[in-house]
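Heads up, the thing below is written out as structure tokens.
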């Protein structure tokens, strides 16, 4: 896999996140509508797309929360390409990129119905924290954080 730094407006990123939205709606049904507004991100310059043989198979991005913290968003790997290390690689590259830009903490939110995502983040050094920001009071949310290397 090779990765490409891009924006969240790139057509391949948009296609991958559309597939992510379809999967989330299949997993969570009507409950997903409560989260959809948090998955719409203003245009940002900090997105990654992972390609295998020129086919977009994975993505992720981050957005600035404050001067020291980013939020990891829109992590996704096409089902046929899972369990091959793509998500770890995308996440690691996002963390390195955020660190290079001077950020020292990454946060994220995932759902209780995504145990594979929770396991990935725990494996990558994230710890569960109280729900933050828009996820406060949302019982299906699992929020996590990790200190980034400076």
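Of all residues in the range 121-139 being within 21 Å of residue 25 (Cβ to Cβ) and in contact with a helix residue (DSSP H, G or I) (Cβ under 9 Å, 6 or more places away or on another chain), which is surrounded by the fewest Cβ atoms within 10 Å (Cβ to Cβ)?
134
From the list 142, 77, which residue is crowded, with 21+ Cβ neighbours inside 10 Å, more than 25 Å from residue 1 (Cα to Cα) and either at pLDDT 95 or above or over 12 Å from the mean Cα position of the chain (by Cα) (or both)?
142
Residues that are in contact (Cβ under 8 Å) with a residue 60 or more places away in the chain and touching a strand residue (DSSP E or B) at 6+ places or on another chain (Cβ under 7 Å): find the helices (runs of 4 or more DSSP H) completely inside the range 29-148 holding 3 or more of those.
In the range 29-148, 86-100 are the helices (runs of 4 or more DSSP H) which contain 3 or more residues that are in contact (Cβ under 8 Å) with a residue 60 or more places away in the chain and touching a strand residue (DSSP E or B) at 6+ places or on another chain (Cβ under 7 Å).
The values are calculated or read from the model by the stated rules, or taken from the named source; none is laboratory data. It should be emphasised that the depicted structure is a prediction, and the values quoted were computed from it without experimental measurement. Methodologically, a virtual Cβ is constructed for each residue, glycine included, from the backbone with ideal geometry; neighbour enumeration extends over all protein chains shown.
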